[in-house]
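Chemist: I'd like to ask you about the structure that follows.
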């Protein structure tokens with residue numbers, strides 16, 4: 001069996017059909033996700049254990065194969081012919097191998113092409129600060145960050161370092177120097193790589209995902225010491241994000257991190273990708289801009305009031321998720337049912353629709 005051809009044919013289908021993911025599991029048809037919906041490829045035969053094992057073998061180098069057998073799961077990336085890439089995770093289930101692959105397009109789209117608010121460009125133009133893109137898994141956080149990093153790369157001569165697991169979007173040299181470091185390949189872990197940036201004459205740091213206390217601490221410190229730090233968290237909104245960061249520290253360190261976060265945070269962007277009535281997905285979002293009022297709320301342990309600040313600060317550029325959802329409904333982009341499903345406060349949304 002030519003497993004590489006089988007694999008590449010399946011990945012070509014994902015690209016052709018406008019899919020975002022493909023799942024390969026023993027005893028099932030290959031299944032792709034298009035506009036959020038899983039669709040089995042019924043013309044392809046059911047996959048055997050040998051099929052999934054053979055295709056995974058084509059995607060992993062010798063070191064990763066050994067690590068996979070030892071740890072029973074692994075994150076990796078795969079370069080598809082033509083320039084597109086796939087981010088993968090392989091794991092065992094009931095003793096056989098399953099694989100999930102997500103398409104990472106070779107083209108890094110602009111904020112306008114992604115349907116995101118132009119104000120995000122102002123955060124990419126900052127010389128220092130801490131900016132987070134948050135939301136559930138699979139809702140475009142990495143793509144948004146990539147657009148912002150590429151904007152910096154296009155507009156300014158900076159030294160940018162990305163720390164990722166695995167590397168997803170690959171940046172072409174423009175005005176900036178962009179060094180991309182992959183965990184376990186180019187560095188031991190996120191924390192080690194972050195500590196190193198202080199000796200690498202770095203202007204901008206993009207952290208693929210903040211994992212663990214040490215990484216969060218180093219990221220906040222980097223933002224305090226003159227770097228622009230961009231990263232993601234799997235949280236639902238601005239207030240929850242701030243609480244998650246603070247709660248990750250021991251109780252005796254939380255007052256200190258509040259002070260650091262209040263001084264370094266520039267903004268938090270929360271996004272969702274919602275099925276569009278006309279097909280495809282459209283983003284809905286919330287934007288917190290850290291101003292004096294927000295900084296005071298963080299220092300004074302009043303993060304529960306942040307949602308109100310966002311709701312009442314549209315004149316400053318802040319964006320309320322419910323207002324964004326209501327606007328999408330009025331424009332005929334999404335159904336009211338989808339808006340209520342994604343709303344953080346359905347009673348408030350009801351008043352807006």
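Please treat every number below as a calculation from the coordinates, not as lab data. Here the structure is a predicted model, which means the values were calculated and not measured. Every residue, glycine among them, receives a Cβ derived from its backbone with ideal geometry; neighbour counts consider all protein chains shown.
Chemist: How many nm is it between the label spots at residue 179 and residue 110, if each spot is 7 Å from the Cα in line with the beta carbon?
Modeler: 3.1
Chemist: Between residue 311 and residue 125, how high is the FRET efficiency from 1/(1 + (r/R0)^6) when r is the Cβ-Cβ distance and R₀ = 22 Å? Nearest 0.05.
Modeler: It comes to 0.25.
Chemist: While we're looking at this one, here's another question. Test of understanding: what is the full-extension gain from residue 213 to residue 72, defined as 0.36 nm times their sequence separation minus their Cα-Cα distance?
Modeler: 48.3 nm
Chemist: Related question: [x] 153; [y] 131; [z] 192: which one is volume of the Cα convex hull per residue in Å³ as calculated from this entry?
Modeler: Computed from the coordinates, volume of the Cα convex hull per residue in Å³ corresponds to [x].
Chemist: Please work out how much length the chain gains when fully extended from residue 251 to residue 91, using 0.36 nm per residue of separation minus the C-alpha to C-alpha distance, in nm with one decimal.
Modeler: Residue separation times 0.36 nm, minus the Cα-Cα distance, leaves 54.0 nm.
Chemist: By how many nm would the segment from residue 351 to residue 199 grow when fully extended, if each residue of separation counts as 0.36 nm and the alpha-carbon distance is taken off?
Modeler: Contour length minus the Cα-Cα distance gives 49.5 nm.
Chemist: Helix-only mean residue ellipticity at 222 nm, the chain, DSSP H runs n ≥ 4 weighted -39,500 (n - 2.57), per residue, nearest 500. What is it?
Modeler: Rounded to the nearest 500, it is -11000 deg cm²/dmol.
Chemist: A further question on this structure: I'd like the FRET efficiency for residue 65 and residue 302, computed as 1/(1 + (r/R0)^6) with the beta carbon distance as r and R0 of 41 Å, rounded to 0.05.
Modeler: Once rounded, the FRET efficiency stands at 0.20.
Chemist: Going by average Cβ neighbours within 10 Å, how do the peptides 248-254, 279-285 rank, with the highest at the top?
Modeler: Going by the mean number of other Cβ atoms within 10 Å, highest first, we get 279-285, 248-254.
Chemist: Give the percent of DSSP beta bridges with both residues in the chain that are antiparallel, rounded to the nearest 5.
Modeler: The antiparallel proportion sits near 60 percent.
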